[in-house]
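Here's the structure we're looking at; comments come further down.
The values are calculated or read from the model by the stated rules, or taken from the named source; none is laboratory data. What you are looking at is a predicted structure, and each value in this text was computed from that prediction instead of being measured. Here the Cβ positions follow ideal geometry from the backbone for every residue, glycine too, while neighbour counts run over all protein chains shown.
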Amino acid sequence: MDHQTLLDELDELLRDTFSLWEPGWVTFNWRAYTYDHTRRVTGLATTLCRQEGGDVQVTELAALLHDITKPYDGEYVVDAEGKRVVDERGYWHNEVRRPPRSNAVTRLYDELGLAGTLHNESGAIMAEHLLRNRGVDAELCARVARTIRDHLRPSKDAPVESGCLYDADTIDANIGLPAFIRNIYIHLHYHDQRKATEAPTIETLLRERPLDYLQPYICENLPTWNEGKRRDFIPRLQTEAGRHLAQARVDRLAETFAWLGQELNSYAEQADHTGIDVVLHYMSHNDEPSISDETRYLCEQWLNGETSQSTHAFVQAIRREIKGEI
């Protein structure tokens, strides 16, 4: 089986596996997020690997399969005081979340007794079996498994492929435009749970007084969030290419949030197809949202001759980052 055919077959299996779980949120993720995240991490990890001179085949296969057992991670396990339980390595423990349906992956998961194992460990074991069953060379299988096992926290002597996957996984979830859109959905999801009883729901706010929500979110919350990622996450990255790319994304976000803040000042008087309208589009599609699907719609159907150059560039930048580019 050639490499692309293998990737396509595994991608189809991955999509089918993720669909076995019911829609809905678990921790800071929702069902549609995990597949989108996997595709973005695959593109980004291979981009970093090429720049770092690593083995792209190892990195691409590991990135595609790195979260194959992640849907089994349920809510965080907490102690009597409500604090998250961690092991000696500092990893959070999750309840095991089983799907109502099954396929070859879930059956193998049970046969191998992987329940309760951290998803980097169970994912590494699962990937090695799936690849061997498809005739992949044993050495390549082992290197892919090592890369997946390392992706939560690579050791100091980890191969470059491990560093590329770790960086791509970290960057996608935390740094850049896809991470910003994820933050939109997390912020919306938890808004009604955390608001005062008498405060309006998020649905009411966005429908009747969107600026009351957008003003503090865009002008206060997001810049603080972005600078926190610059401070806390970029120093953890393993590769020079990853740090360079992350810095570029943080800088782009800082400029984007400043631009969106300026747009808020004249939003009521502006025509449609502004940057704020892009943000509101994502916000209004928050029922099992697919970041890639909504971005594709914006690029292929929403952008038109009335769209400003700045808004057009904003949407295209989101699409490039989804593909794993800077």
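Tabulated data for the structure shown
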item: Members of the range 1-31 found to be surrounded by 19 or more Cβ atoms within 10 Å (Cβ to Cβ) and farther than 21 Å from Met126 by Cβ, listed by number; result: Trp30
item: Condition met for Leu140 (within 30 Å of Ser266 (Cα to Cα) and either over 17 Å from the mean Cα position of the chain (by Cα) or modelled with pLDDT under 95 (or both)); result: no
item: Ile171 being under 19 Å from the mean Cα position of the chain (by Cα) and closer than 16 Å to Gly324 by Cα; result: yes
item: Selection from the range 148-199 of residues that are of a type in the set (Val, Ile, Thr), in contact (Cβ under 8 Å) with a residue 40 or more places away in the chain and outside any helix (DSSP H, G or I); result: Ile175
item: Residue in the range 303-326 that is surrounded by the most Cβ atoms within 10 Å (Cβ to Cβ), counting only those that are in a helix (DSSP H, G or I) and of a type outside the set (A, V, I, L, M, F, W, C); result: Glu321
item: Test for Leu206: is it surrounded by 13 or more Cβ atoms within 10 Å (Cβ to Cβ) and farther than 23 Å from Ser290 by Cβ; result: no
item: Residues within the range 141-180 that are of a type in the set (Val, Ile, Thr), in contact with an Asp or Glu (Cβ under 8 Å, 6 or more places away or on another chain) and not assigned by TED's automatic domain parsing to the domain that holds Ala124, tallied; result: 1
item: The range 112-165 - residue that is surrounded by fewer than 22 Cβ atoms within 10 Å (Cβ to Cβ) and hydroxyl-bearing (Ser, Thr, Tyr) and, of those, farthest from Glu12 (Cα to Cα); result: Ser155
item: Hits in the range 244-272 (condition: free of Cβ contacts under 8 Å to residues at least 40 places away in the same chain and more than 20 Å from Pro178 (Cα to Cα)); result: Gln262, Glu263, Asn265, Ser266, Glu269, Gln270, Ala271, Asp272
